[in-house]
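The structure appears below as structure tokens.
No lab work stands behind these numbers, since they all come straight from the coordinates. Keep in mind that what you see is a predicted model, and the values were worked out from it rather than measured. Here the Cβ is made from the backbone with ideal geometry for all residues, glycine too, and neighbour counts use every protein chain on show.
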């Protein structure tokens, strides 16, 4: 009896071992089939991308991730899906793919590229600085992440350039609002907008006009010392500017008379020299 129990036990062990070997063999076959399907799907995605059918290409890239989520190709395929959408200006779909990639693949070596493409997706949607503030802010946010976290990449170089352009866009928005208030004689709101330009966007092309307007408005409301302060700042940095000349006229009412008198003197001296040629 004891012998039978031992025999059955050994038979059971043999059966378990044989079953596990079969299962291992089956799983290996399935894994190979999945890998082949994954490669085929990825190649199909590339072909469709070349043809210009970006939606179908993205679908094939997404299949790769579904078929073999643990492989190195899964993350790569997500990026390719995002690029496929971006290449034909499907920004919304591209952004979804990129945000999913950044959330899922925390340690992937191409996160710098994902952030850059995400920033560009928002940046390219800026059409009107007066309406697209949300896209401007998001693009600025992601470009700053690139510069901070990936300073030695080629993406950081372009990110710095794009941030300078974004500054110009934001400054132009402030200038638009400032002029709007100025035209309606709302002096204080206008001054606040011009001050924002001088404080936050002093490297943009709008700084000279903003300083002049602050001279003009402060003088208008009776704050002559403030007006002179902004005029001095304008003169120190942009003395050859037409805006400095305009500010000088605001603070020196007899500027035009003096200029005319000097012009007449010059004209007389030239005439005198001309006459001397014939003497």
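Per-structure values
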{"read-out": "Order of 200, 53 under a 10 Å beta carbon neighbour criterion, fewest first", "value": "200, 53"}
{"read-out": "Per-peptide average of other Cβ atoms within 10 Å, ordering 139-147, 220-228, 201-209 highest first", "value": "139-147, 201-209, 220-228"}
{"read-out": "Rg ratio (alpha-carbon, reference 2.2 N^0.38 Å) - region 79-155", "value": "1.07"}
{"read-out": "FRET E, pair residue 168, residue 229, Förster distance 25 Å, beta-carbon r, rounded to 0.05", "value": "0.45"}
{"read-out": "Equivalent-ellipsoid semi-axes of region 125-204, from the Cα gyration tensor, Å, largest first", "value": "29, 13, 8"}
